[in-house]
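No lab work stands behind these numbers, since they all come straight from the coordinates. These figures come from a predicted structure and were not determined experimentally. For neighbour counting, all protein chains shown are included, and Cβ atoms are generated from backbone atoms with ideal geometry for every residue, glycine included.
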Amino acid sequence: MHETSIVNSIMKTLELEFEQEKLNRMKAIHLKVGILSNIEPRLLHNAYSAYHLTHPQYHHVKLHIESTQLKIQCEVCNHVTQVKNYRFICDNCDRPSKNVIQGEEMLIHKVEFED
């Protein structure tokens, strides 16, 4: 389950970015996960719960995951289209496009802290 290594990477990133005092006040982590990212939100939540077994200092920190929709930008007319049913066709000019601009990402979108 690669979600375990993803959770470890997220937490390591936060530990590098913030001082311990601030980490102690962390209350929520918000992620954006694209549908083509090969990350299953349910499994990521399970891996995060398992992470707490060895890192109890973060047991109070909630994990929120927002799934991002798949969008392409047409190379011909520059129009942005939300992909439906995995049809990578521009809504504006009906040409195929492989220029994915959203839907492959896994981002730490926001981190909340106690006042």
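Taking His52, is it without any contact (Cβ under 8 Å) to a residue 24 or more places away in the chain and in contact with a strand residue (DSSP E or B) (Cβ under 7 Å, 6 or more places away or on another chain)?
On the way: without any contact (Cβ under 8 Å) to a residue 24 or more places away in the chain: yes; in contact with a strand residue (DSSP E or B) (Cβ under 7 Å, 6 or more places away or on another chain): no.
Criteria not met by His52.
Within segment 75-115, the residues that satisfy the criterion of being part of a strand (DSSP E or B), among the aliphatic types (A, V, I, L, M) and out of contact with any helix residue (DSSP H, G or I) (no Cβ under 9 Å at 6 or more places or on another chain) are Val80, Ile89, Val100, Ile101, Leu107. Note on segment 79-95: among residues that are surrounded by 14 or more Cβ atoms within 10 Å (Cβ to Cβ) and not hydrophobic (A, V, I, L, M, F, W, C), the one that is nearest to Glu40 (Cα to Cα) is Thr81.
Remark: pairs (first residue in segment 75-104, free of Cβ contacts under 8 Å to residues at least 40 places away in the same chain; second residue part of a loop (DSSP other than H, G, I, E, B) and basic (Lys, Arg); Cβ separation under 6 Å; 6+ apart in sequence or on different chains) = Val76/Arg95.
Residue-level analysis places Glu112 outside the set of residues that are farther than 23 Å from Asn24 by Cβ, within 16 Å of the chain's Cα centre (by Cα) and in contact (Cβ under 8 Å) with a residue 40 or more places away in the chain.
Conditions (1) out of contact with any Cys (no Cβ under 8 Å at 6 or more places or on another chain); (2) surrounded by 15 or more Cβ atoms within 10 Å (Cβ to Cβ); (3) not in a loop (DSSP other than H, G, I, E, B), marked per residue:
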position: Ile10; (1), (2), (3): yes, yes, yes
position: Leu14; (1), (2), (3): yes, yes, yes
position: Lys27; (1), (2), (3): yes, no, yes
position: His30; (1), (2), (3): yes, yes, yes
position: Leu36; (1), (2), (3): yes, yes, no
position: Arg42; (1), (2), (3): yes, no, yes
position: Asn46; (1), (2), (3): yes, yes, yes
position: Ser49; (1), (2), (3): yes, no, yes
position: His52; (1), (2), (3): yes, no, yes
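Look at segment 54-74 and say how many of its residues are β-branched (Val, Ile, Thr) and part of a strand (DSSP E or B). Spell out the reasoning first.
Kept after step one, since they are β-branched (Val, Ile, Thr), are these residues of segment 54-74: 54, 61, 65, 68, 72.
Pick out the ones that are also part of a strand (DSSP E or B) and you get 65, 68, 72.
The qualifying residues number 3.
Asn99 - would you say it is on the phi > 0 side of the Ramachandran plot and either in contact with a Cys (Cβ under 8 Å, 6 or more places away or on another chain) or surrounded by 11 or more Cβ atoms within 10 Å (Cβ to Cβ) (or both)? Before the answer, list the steps.
Numbers: on the phi > 0 side of the Ramachandran plot: no; either in contact with a Cys (Cβ under 8 Å, 6 or more places away or on another chain) or surrounded by 11 or more Cβ atoms within 10 Å (Cβ to Cβ) (or both): yes.
Criteria not met by Asn99.
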